[in-house]
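Below: the structure, in structure tokens.
Here, each number is a calculation from the coordinates, and none is a lab measurement. Since the structure is predicted, the reported quantities are computational estimates derived from the model, not experimental observations. Neighbour counts run over all protein chains shown; Cβ positions are idealised from the backbone, glycine included.
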Amino acid sequence: MSIKKIYPKATIGIFGGGQLGRMLAQAAKKIGYNIITLDPIPNSPCAQIADEQIVAAFDDYGAAERLAEQSDVLTYEFENVNADIIEHLEKKGNTVFPSSTVLRITQNRIKEKEFLKKIGISVTDFRAIVRRSHLEEAKEELGLPAMLKTATGGYDGKGQILLNTEEDILDVPQDLFLKELIWERYVPFIKEISVICARGASNELITFPVSENVHRDNILYTSTVPARIPAEVEKKATDIARRISERLEVIGVIGVEMFLCEDGIILVNEIAPRVHNSGHYTIEACYTSQFEQHIRAICGLPLGRTELLSPVAMINILGEGKGQGGDFLVGVEKVLSIPGISLHLYGKERARAGRKMGHLTVLADSVLEAVSRAKKAIEMLSWE
Ligand SMILES: Nc1ncnc2c1ncn2[C@@H]1O[C@H](COP(=O)(O)OP(=O)(O)O)[C@@H](O)[C@H]1O
Ligand SMILES: [Mg+2]
């Protein structure tokens, strides 16, 4: 596929104004592009960096068309954008990367797993669940424990229930069935890892070093690189990400989340058709960040190097949402006195509990040192 080359200061349109859009905009602005974002919330994290924001709902066709008219290429920073709108824009001749085909597969957990199986990549056993009786059937066939998830629309563990017992099955709230669900066999993984991969013009394909990820309450807590895994697992994980990117024919960055199980077995958990939280470390620890790679890829430009420059740990700064106010971050000065630390705040107004407000990256001589400093730093921060 030949893709149109887009040079600065052309305009890149981004659906979604969250932190991923913000960091994409920062990378794009560095190279001199113009940025327009579309998001329903005024002064979104991305808008604070972008040249312009269209304030509109994600299902507003008129607003999407306006974004497209002003942009030379379009992209999105989250997978819950309206795929019908993206396809509509493509049919009108606009360029959107990744394509609506990629989006449709990756925004539905069932389609995604079926695609992975089709290309020979292992996933946990699963069943589509449409009505309550299907829960009993899935339990008979796959057993407990299981994760019950909405097939679409979930993020940061939202729309997920861990089922351990028969009781838990009975307790599944009825309104969950308003959406299509997926039953996944619970994976007793040893580690969670991920690979960020970028595919550009002429099949150019790069991967970043594997990240080792720890989640808390289903939200990413830390990413550390290099991952403490054998070389052959690193290679296998990288090959999986490359195969997915090629077979999806993605233009741009994807994040592939994986479970590493006993005997070096890797199961793919999910694919994000966008830059990924576990790739934030690339801003400081790699030659070219995941954000810049995405911008280069969708603009048809050569991709950059991905080698790791230093052991690194990334830790998310989450909102606590407690007490009155609670939106002002205290402890910044102490944190910045830690050697090798980098603070990122996304400019969100309200620090709601569990909300991703920013992140810290620590470069150090070893992964252990980096992660220990990152954890010490996060303890110094609080919302007041
Ligand atoms: N089938 C599963 N078995 C074990 N743990 C799981 C399973 N599915 C999800 N999890 C845990 O929950 C986290 C979030 O789930 P995920 O499917 O990645 O949803 P999200 O889109 O919210 O990131 C995972 O990173 C993992 O820690
Ligand atoms: Mg996930």
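Measuring from label point to label point, each 7 Å out along Cα→Cβ, what is the R352 to E90 span in nm?
3.1 nm
Placing unit charges on C-beta atoms (Lys and Arg positive, Asp and Glu negative, everything else neutral), compute the dipole magnitude of region 11-96 about its Cα centre in debye, rounded to 20.
Values: 6 positive and 13 negative charges, 73 e Å.
Charge dipole, region 11-96, about its Cα centre: 340 debye, nearest 20.
Which three lengths, in whole Å and largest first, does region 74-177 cover when its Cα atoms are put on their principal axes?
Sorted from largest, the Cα extents of region 74-177 read 51, 32, 22 Å.
Report, in debye and to the nearest 20, how large the dipole of region 67-149 comes out about its Cα centre when Lys and Arg carry +1 and Asp and Glu carry -1 on their Cβ. Don't skip to the answer; put the middle values down first.
Values: 13 positive and 14 negative charges, 59 e Å.
The dipole of region 67-149 has a size of about 280 debye.
Hey, what's the Kirkwood Rh for region 15-68 if you take every pair of different alpha carbons, in angstrom?
Radius from the Kirkwood sum: 10.8 Å.
K92: which lysines have alpha carbons under 17 Å from its alpha carbon, excluding same-chain residues fewer than 8 sequence positions away?
Counting by Cα, and skipping residues close in sequence, K92 has these lysines nearby: K4.
Could you sort the peptides 290-303, 67-80, 110-123 by per-residue average Cβ neighbour count (10 Å cutoff), highest mean leading?
Most protected by this proxy first, the peptides run 290-303, 67-80, 110-123.
Please list 3J(HN,Hα) in residue order for region 195-206, calculated via the Karplus relation 6.51 cos²θ - 1.76 cosθ + 1.60 where θ = phi - 60°; whole Hz, with x for glycine and proline.
My calculation for region 195-206 gives 10, 9, 9, 10, 10, x, 5, 6, 6, 4, 9, 10 Hz in order.
Please compare each pair in K158/K236; K9/K236; K139/K191 to a cut-off of 32 Å on the Cα-Cα distance and tell me which ones are over it. Walk me through the numbers on the way to the answer.
On the way: K158/K236 29 Å; K9/K236 39 Å; K139/K191 25 Å.
As for pairs spanning more than 32 Å Cα to Cα, those are K9/K236.
Check which residues have an amide H placed less than 5 Å from E52's amide H, if you skip close sequence neighbours.
Under 5 Å from the amide H of E52 lie the amide H atoms of I35, T37, each far enough along the sequence or on another chain.
Restricting things to alpha carbons, find the Rg to Rh ratio for region 191-383 using the Kirkwood radius for Rh. Write down the numbers at each step before the final one.
Working: Rg = 16.9 Å, Rh = 17.2 Å.
Taking Rh as the inverse mean 1/r over Cα pairs, Rg/Rh reads 0.99.
What is the gain in length, in nm to one decimal, between R132 and R66 on full extension, counting 0.36 nm per residue of separation less the C-alpha to C-alpha distance? Mind showing how you got there, number by number?
Working: separation 66, 0.36 × 66 = 23.76 nm, distance 4.24 nm.
Stretched out fully, the R132 to R66 stretch lengthens by 19.5 nm.
Once amide H atoms are built 1.01 Å from N in the peptide plane, which residues 5 or more positions from N269, or in another chain, come under 5 Å H to H?
Excluding prolines and chain starts, which carry no amide H, the hits are E257, M258, F259.
Counting only helical runs of four or more DSSP H residues, what would the 222 nm mean residue ellipticity of the chain come to if each run contributes -39,500 (n - 2.57) and the total is spread over all its residues?
Values: 12 runs with 113 residues, N = 384.
Only helices count here, giving -8500 deg cm²/dmol.
What order do you get for 11-22, 158-169, 93-104, 264-275 when each peptide is scored by the mean count of other beta carbon atoms within 10 Å, highest first?
Numbers: 11-22: 25.5, 158-169: 14.0, 93-104: 19.7, 264-275: 21.7.
Result, highest mean Cβ count within 10 Å first: 11-22, 264-275, 93-104, 158-169.
Give me the extension gain from R216 to L162: residue separation times 0.36 nm, minus the current Cα-Cα distance, reported in nm with one decimal.
On the way: separation 54, 0.36 × 54 = 19.44 nm, distance 1.39 nm.
Working it through step by step, the gained length comes to 18.0 nm.
Tell me, in nm to one decimal, what length is gained between L308 and C261 on full extension, where the rule is 0.36 nm per residue of separation less the Cα-Cα distance? List each step's numbers first, then the result.
On the way: separation 47, 0.36 × 47 = 16.92 nm, distance 2.50 nm.
In short, 14.4 nm is gained.
Which log10 I(q)/I(0) values, to two decimals, does region 120-231 give at q = 0.11, 0.17 Å⁻¹ under the Debye formula with one point per Cα?
-0.48, -0.93
Debye calculation, C-alpha points only, no solvent: report log10 I(q)/I(0) for region 125-185 at q = 0.12, 0.20 Å⁻¹, in the same order as the q values.
Values returned for q = 0.12, 0.20 Å⁻¹ are -0.23, -0.66.
Sorted by average packing, counted as other Cβ atoms within 10 angstrom per residue and highest first, what order do 233-242, 24-33, 127-136 take?
Numbers: 233-242: 18.3, 24-33: 20.5, 127-136: 14.6.
Most protected by this proxy first, the peptides run 24-33, 233-242, 127-136.
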